[in-house]
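Below: the structure, in structure tokens.
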Amino acid sequence: MPTLDVTPLATPLGAVIGGVDLATDLDDATVSAIRKALLDHKAVFFHDQHLDPVTQVALAARFGEPTEAHPVEPAVEGHPEVLALDSDEGARADIWHTDLTFQEEPPLGAILHAVEVPEVGGDTLWADMAAAYDALSPALRGFLDGLTATHTPNKADGYFAQRDTTPGDKAAATAQAPPVHHPVVRIHPETGRPSLFVNPLFTLKIDGLRRRESDALLDLVQHVATQPEHVVRWRWRAGDVAFWDNRGTMHYALLDYTARRRMERVAIAGDKPLGRS
């Protein structure tokens with residue numbers, strides 16, 4: 001396995017990988033080394049990359065199966081796997097979330113390419129949900145281990161509506177889909193590490209609790225997860241690429257800019273979240 005130039009950004013998560021051209025046909029050893037860095041650091045970043053939609057989809061395919069761009073939002077024309085997050089079209093992600101947890105099998109992760117970014121602002125933050133789990137008391141961890149939570153796209157309905165798009169059949173089908181139930185504590189399928197698997201955008205309620213109890217517990221979990229010691233912040237420049245593990249992180253894109261910000265994202269198919277047996 002090649003030795004990558006991996007520079008950690010923070011203790012819980014985040015690392016910069018240098019010396020790799022992601023637009024080329026990566027060999028198996030390099031792919032394995034990047035995957036290992038992803039599992040170790042949960043979010044990895046690359047500078048000075050030159051991806052177009054074709055090469056970005058090909059890159060994602062080296063790590064799994066690229067999914068459709070998004071269940072509701074439109075894909076880049078001619079590239080059904082590529083989601084354009086363009087501020088000129090109303091795109092925003094200024095709420096903590098884990099991608100698409102209202103699906104039975106949320107994405108494994110995603111590869112995000114910075115096409116155009118403002119000179120100042122528009123940073124993205126990632127939170128380590130395994131570190132957040134570890135920070136809870138043993139008693140609370142033991143309680144959460146046995147719980148599930150309801151996830152639904154309807155909680156984020158107004159949020160998606162901020163995009164300048166016309167609702168279509170996909171949007172209607174997504175809105176009518178039944179909610180899904182995932183373990184509050186997910187066991188990572190590759191590392192075996194437990195992490196919290198709830199988020200403010202899609203998690204409606206912890207099952208079996210009264211609404212007030214659920215809200216209080218979700219607020220507590222969110223507070224712990226987003227403490228500075230559990231978070232890494234990435235300042236974008238054009239050509240940057242981020243690759244994150246959606247199975248154990250949340251992320252948040254700051255809405256603190258006025259210039260155009262255009263990103264292109266490809267998600268990678270995941271599996272059904274499992275808790276402790």
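The values are calculated or read from the model by the stated rules, or taken from the named source; none is laboratory data. All values reported here derive from a predicted model rather than from experimental measurement. Using ideal geometry, Cβ is built from the backbone for each residue, glycine included, and neighbour counts are taken over all protein chains shown.
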Across segment 111-126, which residue is farthest from residue 180 (Cα to Cα) among those that are touching a strand residue (DSSP E or B) at 6+ places or on another chain (Cβ under 6 Å) and either surrounded by 21 or more Cβ atoms within 10 Å (Cβ to Cβ) or of a type in the set (Ser, Thr, Tyr) (or both)? 114
Are any of the residues in segment 205-217 assigned to a helix (DSSP H, G or I), farther than 13 Å from residue 125 by Cβ and of a type in the set (A, V, I, L, M)? yes
Which count do you get for residues in segment 186-197 that are touching a residue at least 40 places away in the same chain (Cβ under 8 Å) and either in contact with a His (Cβ under 8 Å, 6 or more places away or on another chain) or among the small types (Gly, Ala, Ser) (or both)? 3
Residue satisfying condition, being over 18 Å from residue 189 (Cα atoms), in contact with a Phe, Trp or Tyr (Cβ under 6 Å, 6 or more places away or on another chain) and at pLDDT 95 or above, within set 150, 124: 124
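Residue-wise test of (1) in contact with an Asp or Glu (Cβ under 7 Å, 6 or more places away or on another chain); (2) hydrophobic (A, V, I, L, M, F, W, C).
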{"residue": "31", "(1), (2)": "no, yes"}
{"residue": "59", "(1), (2)": "no, yes"}
{"residue": "68", "(1), (2)": "yes, no"}
{"residue": "95", "(1), (2)": "no, yes"}
{"residue": "112", "(1), (2)": "no, yes"}
{"residue": "141", "(1), (2)": "no, no"}
Looking at (1) touching a Lys or Arg at 6+ places or on another chain (Cβ under 7 Å); (2) in contact (Cβ under 8 Å) with a residue 40 or more places away in the chain; (3) among the basic types (Lys, Arg), which is the one condition that is false for residue 276? (1)
Going through segment 132-153 in order, the residues found to be closer than 29 Å to residue 241 by Cα and buried (at least 23 other Cβ atoms within 10 Å of the Cβ) are 132, 133, 151, 153
Top-ranked residue in segment 264-277 [being out of contact with any helix residue (DSSP H, G or I) (no Cβ under 9 Å at 6 or more places or on another chain) and not hydroxyl-bearing (Ser, Thr, Tyr); ranked as farthest from residue 49 (Cα to Cα)]: 274
Please count how many residues of segment 6-24 are surrounded by fewer than 14 Cβ atoms within 10 Å (Cβ to Cβ) and modelled with pLDDT under 95. 2
Take the conditions in a helix (DSSP H, G or I), touching a residue at least 24 places away in the same chain (Cβ under 8 Å) and within 21 Å of residue 105 (Cβ to Cβ) and apply them to residue 83. Does it pass? no
If I ask for residues that are surrounded by fewer than 20 Cβ atoms within 10 Å (Cβ to Cβ) and in contact with a strand residue (DSSP E or B) (Cβ under 7 Å, 6 or more places away or on another chain), which ones from segment 71-84 would you list? 73, 75, 76
Among the residues of segment 234-263, which ones are closer than 19 Å to residue 55 by Cβ and of a type in the set (A, V, I, L, M)? 238, 241, 242, 263
